[in-house]
Amino acid sequence: MADELTADSGALIFATLADVYLSSGMIDEAISILKDGLVRNPTYTLAKIILGRAYFIKGNIEESLKILEGVYEEAQDSENLNLYLGHCYNKSGEPDKAQKHYEEALKINPENREAKRELEILRSRVPTIPREEKAEEKVVEKRIGEEPKKKKEELLPHAVIVGERKPTFSDIESKLKAAKPPSEVKPPEGPETKPPVEEAEPREEVTLPEAPEVRFPEEEVKPHEEIEITHEEEVTPHKGSQAMPSEPIEEVIPTTEPDVRPVEEVTPLEGVEHGPIDVTPTQEAAEILPEEPVEIVAPATPFDALDEPVKRLLNINTVKGAFIASKDGLLIQNYYKGRDDIEEICALVAEIYNDVTDSFKMLKEEGLERCIIEKYNETICVINAGDTLFTVITQQEAKPGIIFVYARKIIEEIQGILG
Amino acid sequence: MKIEDLTKIHKVLGAGLVDHDGALIESRITFDYDAEKLGAMAARVIDRCKESLGIERTSVILYTQNIVLFTRETDKGIFFVVCQKDANLGLVKVKIDKLT
């Protein structure tokens, strides 16, 4: 792909290549190639979205926001644009806007787990802030016990986060932060530092604030290290943080052990700093494909198996065309090119078939297998194929016998496909 | 050729002529089938096809698990023949063409 790009630097494929770079953690390379490509294709919206994403992964929220906002008007229906705008606003301390964009992303793709997760966190934060503070105090009492009050205030939010909610995009960043030297840590800011009270419920420790010393002996708790680390990580954005896979976080946040873990268990995350986002590359790729000047191949359908036998049938000179319809008159598959009243014929044939079937009940004859309706200019052969009707329209002089011979193979295939 | 000649064909169960209302004009049923019911049904099938497909004059052949019913609209009314499924349908059709 890189060779292809070198050969034609104006090609729109640079966005795809950049996406691959991003997925491989080569953020600077991706940004470079995107900038270069956008010089030649300044209106390529998708490339801008990927560039915004790259800056976000790099930790340059301001630049990412600037780029993504710039293309918002022309690409409002982009799932990834909304997702990353949500991330950017989330990082920059604008939860309302973040929530709006996460909601937009979910409107476009209700299965977007990342947006869903972030939105849940955002929603749970807003109404429960006062209670959070209360809960935080209890947790501190329990976990830290005799820690000085000054320390408690710094540590509480993180103590809750560590053990009591699913790893989120923010958490991943936090873990990365924890792996960094303390010198890089910035003071806390923004609403992210407050964990939701509801998510603290699964932990026993949170709900039993009155007896902290009994359940958490001092020797199990390593308050100082934990507190400082978790506190720092919540506060500042870190480059590459959202690219962290979720598995390492699960190791850091056990459910059966005490919440407070030593720093050493967090550090392995360092190596994953530029790792790809587990969900995004796939979504990004899906978004890229339609816009790329690549020929789209129609996906194979079960009816492809009918192509060959139907082709043989249609090769008979007197056969005009054929179609498959359900017994309630809905067209399933049309092999009659150039006729625009096929759906109407479907409905009429099904009506006749059902009416005749009812009439045969009067004769105590069950199971109308096929019928031939001869018109002045053509003949309609209708064959029962399980839940469907296979209809062949021929010229008047066609031989019905040969039609049924050819149709038999098709009927078997139809019954195999549709049951 | 008359209707009787048709019923002499092997495995042909009967034949008849009804008007468009399904009233029996003439029939010759050689097996355990009700001529009036067959005639009424033949008229209904033809009328349904004419109505649905907008055909002036039509002919319909219906295959069930046991029998085959030929129905054809003629100047005199609706002609019908019922035969077993394994009858010589080609021969029956030729005879019907000659008769109508």
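The values are calculated or read from the model by the stated rules, or taken from the named source; none is laboratory data. The model shown is predicted, which means the values in this text are computed figures rather than measured ones. Quick reminder, even Gly has a Cβ in these numbers, built from the backbone with ideal geometry, and neighbours come from all protein chains shown. Remember, those area values only see protein heavy atoms, side chains included, never the ligands or the DNA or RNA. Shrake-Rupley method; radii C 1.70, N 1.55, O 1.52, S 1.80 Å.
Would you be so kind as to list the residues of the range B:38-59 that have their accessible area lowered by at least 20 Å² in the full protein complex compared with their chain by itself (1.4 Å probe)? Flagged in the range B:38-59: B:Met41, B:Arg44, B:Val45, B:Arg48, B:Cys49, B:Ser52, B:Leu53, B:Ile55, B:Ser59. When every Cα-Cα distance of the range B:3-99 is counted in 5 angstrom steps from zero, the calculated P(r) takes the values 3, 15, 28, 27, 19, 8, 2 percent.
The label point for B:Arg57 and the one for A:Ala75, both projected 7 Å from the Cα toward the Cβ, are 6.9 nm apart. Taken about its Cα centre, the range B:12-100 carries a charge dipole of roughly 300 debye when the Cβ of each Lys and Arg holds +1 and the Cβ of each Asp and Glu holds -1.
How large, in percent, is the carbon and sulfur part of the accessible surface of the range A:306-416 at a probe radius of 1.4 Å? Taking all protein chains in place, the range A:306-416 shows 46 percent carbon and sulfur surface.
Taking the Cα centre of the range A:2-125 as origin and assigning +1 to Lys and Arg Cβ atoms and -1 to Asp and Glu Cβ atoms, the resulting dipole is close to 460 debye. Residues of the range A:383-414 with an amide N closer than 20 Å to a point placed 7 Å from the Cα of A:Asn377 along the Cα-to-Cβ direction: A:392-399. Of the residues A:Phe360, A:Ile411, A:Tyr376, the one whose Cα sits farthest towards the positive end of the charge dipole of the range A:360-411 is A:Ile411 (charges of +1 on Lys and Arg Cβ, -1 on Asp and Glu Cβ, taken about the Cα centre).
Shape verdict for the range A:306-416, please, from the Cα gyration tensor: rounded (a/c under 1.5), prolate (a/b greater than b/c) or oblate. It comes out rounded by the Cα gyration axes.
Let's test the formula: R0 of 56 Å, r as the Cβ-Cβ distance of A:Asp28 and A:Thr301. What FRET efficiency results, to the nearest 0.05? Efficiency, rounded to the nearest 0.05: 0.80. In the range B:3-99, taking the dipole from charged Cβ atoms about the Cα centre, the farthest positive-side position among B:Gln84, B:Ile29, B:Ile55 is held by B:Gln84.
For a test of the definition: using alpha carbon positions, the gyration tensor, and the 1.5 limit on a/c, classify the range A:366-419 as rounded, prolate or oblate.
On the way: a/c = 2.47, a/b = 1.80, b/c = 1.37.
Prolate is the answer for the range A:366-419, as a/c is 1.5 or above and a/b outweighs b/c.
Check each of the trypsin sites (Lys or Arg not before Pro) in the range B:1-89 and keep only those in coil by DSSP with at most 10 other C-beta atoms within 10 angstrom; list them in order.
Values: sites: B:Lys2, B:Lys8, B:Lys11, B:Arg28, B:Lys37, B:Arg44, B:Arg48, B:Lys50, B:Arg57, B:Arg72, B:Lys76, B:Lys85; in loops: B:Lys2, B:Lys8, B:Lys11, B:Arg57, B:Lys76, B:Lys85.
Sites meeting the loop and neighbour criteria: B:Lys2, B:Lys8.
Is the shape of the range A:35-109 best called rounded, prolate or oblate, per the rule: a/c under 1.5 gives rounded, else a/b larger than b/c gives prolate, else oblate, with a ≥ b ≥ c the square roots of the Cα gyration tensor eigenvalues? Because a/c hits 1.5 or more and a/b fails to exceed b/c, the range A:35-109 counts as oblate. Summed over both chains, the area buried between A and B is near 2500 Å², taken from the accessible surface of protein heavy atoms with a 1.4 Å probe.
Ignore the peptide's own chain and count Cβ atoms of other chains within 10 Å of each Cβ in A:400-410; give me the average, rounded. Each step should come with its number before you reach the end.
Details: counts 4, 2, 0, 0, 1, 0, 0, 0, 0, 0, 0.
Averaged over the peptide's residues, the number is 1.
Surface analysis of the range A:21-73 yields an accessible area of 43 Å² per residue, using protein heavy atoms and a 1.4 Å probe. At a 1.4 Å probe, what is the % contribution of carbon and sulfur to the accessible area of the range A:2-125? Carbon with sulfur: 47 percent of the solvent-accessible area.
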